[in-house]
Amino acid sequence: MLLLDGKTASAAVKNEIREETLQLLAAGKRAPHLAAILVGTNGASETYVASKVKNCEEVGFRSTLIRMDADVAEAELLDAIARLNADPEVDGILVQLPLPKQISEQKVIEAIDPDKDVDGFHPSSAGKLVQGLPSFIPATPYGIMLMLELFDITTKGKHAVVIGRSNIVGRPMSILLSSNQKRGNCTVTICHSHTPNLQEICLQADIIVAALGRPEFVKADMVKEGAVVIDVGITRVDDPTAKKGFRIKGDVAFAEVAPKTSAITPVPGGVGLMTIAGLLKNTLQAYKQNHAI
Ligand code: NAP
């Protein structure tokens, strides 16, 4: 069994990005710049945004974190996005989800300039992805594709089962795996909460991508011998014995599933780290587009 270690894989991607950034700076150009907006103080969102900012620093990018109160009006958030859209010094914009109830996530996603849409959630980016045109790929599916490439996982002709159909993970993942490209060309089955016989379908999978947000949902009796298992899930599960009072669990029961697989991602230390790598790649791409490089 090959452990698809996100630490090694993301370090490789980040080294490449750092090298490119150093070359840009050496040529007298400014560094790529990511602006992140965080609304409220949700613990998980705080952690994700802090990690994104830290990773920007590590590769030599500039980053700006804009914090807004949980009760901020939608119009105020949209104004902040409009200012970032108009700022030529900002290459990428992300608004950390989820957002408080008074704010429409869809409006916010659509307010971001598609040329700065480094999360790849704008309908324009999603449409381009569906049509196989160059676009910003949502960071998590992008990170998974980078991981498949770095560990040389064959996908052509394989049956991939994606559990989850969200716009940020499951659906774009299913499009990428089914597309006509080097790490695509899978036959893809996409499953959701109304899928009957999920176990039967999973047992036919050469590749399983679990992105449903149900801790340890995928058990050994759902996985074929030799399958590749990608665990996207991140759920905080209460654990009074843990220092922080919770543990992070994936969607796969790792201990029982891993021995059956040919390759598997751990949680933590797997897809989460690759998601950041995907975001950094998108930010560099946005910079290059904005500078016509
Ligand atoms: P989401 O928007 O809640 O979508 C979950 C999907 O799973 C939905 O399509 C849902 O079906 C499906 N589902 C739920 N229960 C199911 C069941 N019992 N059987 C089959 N399908 C089921 O979640 P998401 O945003 O895609 O995130 C999924 C997980 O990935 C979460 O744990 C999230 O924290 C994690 N995540 C991790 C990263 C990372 O960097 N590693 C990034 C993003 C998200 P319906 O459509 O029918 O409701």
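The values are calculated or read from the model by the stated rules, or taken from the named source; none is laboratory data. Worth saying up front: this structure is predicted, and the values here are computed from it rather than measured. So basically every Cβ, Gly included, is an ideal-geometry build from the backbone, and we count neighbours across all protein chains shown.
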Query raised in the report: Residues Ala36, Ala80: which one is at pLDDT 95 or above, part of a strand (DSSP E or B) and among the small types (Gly, Ala, Ser)?
Result: Ala36
Query raised in the report: Can you name every residue in the range 35-73 that is under 23 Å from Phe246 (Cβ atoms) and among the hydrophobic types (A, V, I, L, M, F, W, C)?
Result: Leu38, Val39, Ala44, Val49, Ala50, Val53, Ala70
Report summary line: Condition set more than 12 Å from the ligand (Cβ to nearest atom) and surrounded by 15 or more Cβ atoms within 10 Å (Cβ to Cβ), scope the range 192-207, selection nearest to Phe151 (Cα to Cα): answer is Ile207
Report summary line: Listed by first then second residue, the pairs whose first member lies in the range 72-86 and is closer than 17 Å to Gly40 by Cβ, whose partner is at pLDDT 95 or above and exposed (fewer than 13 other Cβ atoms within 10 Å of the Cβ), with beta carbons under 7 Å and at least 6 positions apart or on separate chains, are Glu74/Gln102
Report summary line: When (1) touching a Gly at 6+ places or on another chain (Cβ under 9 Å); (2) surrounded by fewer than 20 Cβ atoms within 10 Å (Cβ to Cβ) are applied to Leu150, the one that fails is (1)
Report task. Just name the residue that is nearest to Leu97 (Cα to Cα) out of those in the range 176-191 that are away from the ligand (no atom under 14 Å from the Cβ) and β-branched (Val, Ile, Thr). Result -> Val188
Query - The listed residue being modelled with pLDDT of 95 or more and assigned by TED's automatic domain parsing to the domain that holds Glu76, out of Ser104, Ser125 - result: Ser104
Requested in this report: Determine which single condition Leu133 fails, assuming it passes every other condition in (1) out of contact with any helix residue (DSSP H, G or I) (no Cβ under 6 Å at 6 or more places or on another chain); (2) among the aliphatic types (A, V, I, L, M); (3) touching a residue at least 12 places away in the same chain (Cβ under 8 Å).
Outcome: (3)
Query raised in the report: Between residues in the range 148-165 that are more than 14 Å from Ser179 (Cα to Cα) and residues that are assigned to a loop (DSSP other than H, G, I, E, B) and more than 16 Å from the ligand (Cβ to nearest atom), which pairs lie under 7 Å by C-beta distance while being six or more apart or on different chains?
Result: Leu148/Thr155; Leu148/Arg183; Glu149/Arg183
